[in-house]
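Let me begin by presenting the structure, written as structure tokens, before commenting on it.
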Amino acid sequence: MKKSLMAVVLLGVFLLAACVHTDEQSQKTTGATAATVAQVAESSQGKITAGTTSTATETAVTTVATETPTTETTATTLRESRKKLLSVAPQIQEKWYFCAPTTVSMMLSTQGISVSQEQLAKEMGTYEPYGTHNRDAIRVLNQHLFGYPEPQAGQAGYRLATVTNASPDSEDMRLFKERVRKNIDDGYPLYYTFTISQIYPGKSGEHNVIGIGYELTPDGKDISAIYYLDSMTHVQDPTYGGLKKVTPEELLAAMVTCGEPNYAW
């Protein structure tokens, strides 16, 4: 009986130990499973998800890096397509009152004709302190370019136009824009005169510059900007040199106030 009882007790202890071991094993297995799931989850989040996030981020970054410049580039390209500038070798006037001879010298150079500022000043009768009369500047320009001082009806050549009304809807403005576009499209720069103080506040006098281009409105139907090269030393920009941009309205408003309110086309 004692032996039986002992056997039963031993069997119970064995079973109890087995139960405890099984529970611990179960807990360990469960813990290991949980750890494995956690690791997988971490792996999933840290590697797969991170990879996905990285890919998504890279895609987003790539998209931003691609789309933003593309948008800017497209806008710039469209703007550039509306702009037309002639290639002109810039000159700085050798004397402060040589703006007309310098302008004409640059105009001639666009057609492959080289004449010095000094030579042109003599031919134009340029003098200090006034400078040059527009009619003399254009007379000399035509002589060098076409072989005659003043074109007759039907002949090629530069003609002086006088501005009397600079309002945006005036006939003077309409003709000016039309002539600018035709000249530049044909490869011929223009000759502009303006009151310096209206373009460069704080400065005085009248001035001549070479018109080298224009920019159209987005719809391509009108001129929104005029480009010119200025030969004055003190208006040169470190980046753009003498290249300047004004609206047609600004230019004609500064032109109409001159003693000789002219442009040549």
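When residues of region 110-136 are filtered for being closer than 21 Å to Leu86 by Cα and either touching a residue at least 40 places away in the same chain (Cβ under 8 Å) or not in a helix (DSSP H, G or I) (or both), how many remain? Reasoning before the result, please.
Within region 110-136, the subset closer than 21 Å to Leu86 by Cα is 110-117.
Okay, now just the ones that are also either touching a residue at least 40 places away in the same chain (Cβ under 8 Å) or not in a helix (DSSP H, G or I) (or both), so 110-116.
Of the residues in region 110-136, 7 are closer than 21 Å to Leu86 by Cα and either touching a residue at least 40 places away in the same chain (Cβ under 8 Å) or not in a helix (DSSP H, G or I) (or both).
Against the definition (assigned to a helix (DSSP H, G or I), more than 24 Å from Tyr188 (Cβ to Cβ) and at pLDDT 95 or above), how does Lys95 come out, yes or no? Outline the logic, then answer.
Values: assigned to a helix (DSSP H, G or I): no; more than 24 Å from Tyr188 (Cβ to Cβ): yes; at pLDDT 95 or above: yes.
No, not satisfied.
Surrounded by 24 or more Cβ atoms within 10 Å (Cβ to Cβ) and at pLDDT 95 or above: which single residue out of Thr126, Thr110, Thr102 fits that description? Explain how you work it out, then say what you get.
Values: Thr126 fails: surrounded by 24 or more Cβ atoms within 10 Å (Cβ to Cβ); Thr110 fails: surrounded by 24 or more Cβ atoms within 10 Å (Cβ to Cβ).
Step by step, each of Thr126, Thr110, Thr102 is checked, and only Thr102 is surrounded by 24 or more Cβ atoms within 10 Å (Cβ to Cβ) and at pLDDT 95 or above.
Picking from Asp169, Asp222, Asp230, Asp185, which residue would you name as being closer than 29 Å to Glu128 by Cβ and of a type outside the set (S, T, N, Q)? Steps first, please.
Details: Asp169 fails: closer than 29 Å to Glu128 by Cβ; Asp222 fails: closer than 29 Å to Glu128 by Cβ; Asp185 fails: closer than 29 Å to Glu128 by Cβ.
Going through Asp169, Asp222, Asp230, Asp185 in turn, the sole match is Asp230.
Take the residues in region 81-92 that are out of contact with any strand residue (DSSP E or B) (no Cβ under 8 Å at 6 or more places or on another chain) and part of a loop (DSSP other than H, G, I, E, B), then tell me which one is surrounded by the most Cβ atoms within 10 Å (Cβ to Cβ). First the steps, then the outcome.
Initially, region 81-92 is screened for residues out of contact with any strand residue (DSSP E or B) (no Cβ under 8 Å at 6 or more places or on another chain), giving 81, 87, 89, 91-92.
After this cut, where a residue has to be part of a loop (DSSP other than H, G, I, E, B) as well, the list is 87, 89, 91-92.
On the way: Ser87: 8, Ala89: 10, Gln91: 19, Ile92: 14.
Only one residue tops the list, namely Gln91.
The values are calculated or read from the model by the stated rules, or taken from the named source; none is laboratory data. None of the values given here were measured: they were computed from a predicted structure. Note that we place each Cβ from the backbone using ideal geometry, even for glycine, and neighbour counts take in every protein chain shown.
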